[in-house]
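Asks: Let me give you the structure first, and then I'll get to my questions.
The values are calculated or read from the model by the stated rules, or taken from the named source; none is laboratory data. Please read these numbers as outputs of a predicted model, since none were measured by experiment. Here Cβ is always computed from backbone atoms with ideal geometry, including for glycine, and neighbour counts include all displayed protein chains. Note: areas computed on protein heavy atoms with side chains; ligands, DNA, RNA excluded. Shrake-Rupley method; radii C 1.70, N 1.55, O 1.52, S 1.80 Å.
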Amino acid sequence: MPGFRLILNTRSGGYRSAWNEDLERSLKDLFAEHDHELIIARPEQDRLEATIREGVRQGDEGIIVAGGDGTVSAAGGILLDSGTPLGILPLGTVNLAARDFGIPLD
């Protein structure tokens, strides 16, 4: 089953208020319904970029980052020329990148 990697920045502004086990289970179920595996990673802050690079090396179908503008910027810089799509779950405080792309904040 093809896989996507969801990288959670647990230090982002909205993580504690927005993330819960029900949401995680719902996302995994949604991906499974479409024959995709969702791999969820919660790297330490100093391992965030290494975790993104690991997903590229392993051939993930896409990398989804859940965090704020710093998380999105780091992922975008790594994925720019990789051919790996980037998904954004806005869990930051301001979420300027998500707003610029028209991604709903709810």
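Asks: How much length is gained on full extension from ARG25 to VAL56, taking 0.36 nm per residue of separation minus their Cα-Cα distance?
Replies: Taking ARG25 through VAL56 to full extension adds about 8.8 nm, to one decimal.
Asks: So, one more: If you keep only loop residues by DSSP, which GluC sites (Glu not before Pro) in segment 1-95 have at most 12 other Cβ atoms within 10 Å of their Cβ?
Replies: Those satisfying the criteria are GLU44.
Asks: In segment 1-39, which residues have a backbone nitrogen under 16 Å from the label point lying 7 Å from SER73's Cα in the Cα-to-Cβ direction?
Replies: 12-13
Asks: Can I ask one more? Please get the size of the charge dipole for the chain, origin at its Cα centre, with Cβ charges of +1 on Lys and Arg and -1 on Asp and Glu, quoted in debye to the nearest 20.
Replies: Roughly 300 debye for the chain.
Asks: With all protein chains present, calculate the accessible area of THR51 using a 1.4 Å probe and round the result to the nearest 10 Å².
Replies: Per-residue accessible area (THR51): approximately 10 Å².
Asks: OK, next. Taking every pair of distinct Cα atoms and averaging 1/r, then inverting, what Kirkwood hydrodynamic radius in Å comes out for segment 66-106?
Replies: 10.3 Å
Asks: Ordered by residue, what ³J(HN,Hα) values in Hz, to whole numbers, does segment 95-101 give under the Karplus form 6.51 cos²θ - 1.76 cosθ + 1.60, where θ = phi - 60° and Gly and Pro are x?
Replies: 6, 4, 4, 4, 4, 4, 8
Asks: What whole-number value in Å² describes the accessible area per residue of segment 18-106 for a 1.4 Å probe?
Replies: 60 Å²
Asks: While we're looking at this one, here's another question. Once the Cα gyration tensor of the chain is found, what semi-axes does its equivalent ellipsoid get, as square roots of 5 times the eigenvalues, in whole Å, sorted largest first?
Replies: One finds semi-axes of 19, 17, 13 Å for the chain.
Asks: For the chain, what is the percent of antiparallel DSSP beta bridges, rounded to the nearest 5?
Replies: 0 percent
Asks: Same structure, new question: Taking amide H atoms as placed 1.01 Å from N in the peptide plane, list the residues 5 or more away in sequence, or in a different chain, whose amide H sits under 5 Å from that of ILE88.
Replies: Amide H neighbours of ILE88: VAL65.
Asks: Next question, about the same structure. Amide H to amide H under 5 Å from LEU6: which residues, 5+ apart in sequence or cross-chain, H placed 1.01 Å off N in plane?
Replies: Close amide H contacts, sequence-distant or interchain: ILE39, ILE40, ALA41, ILE64.
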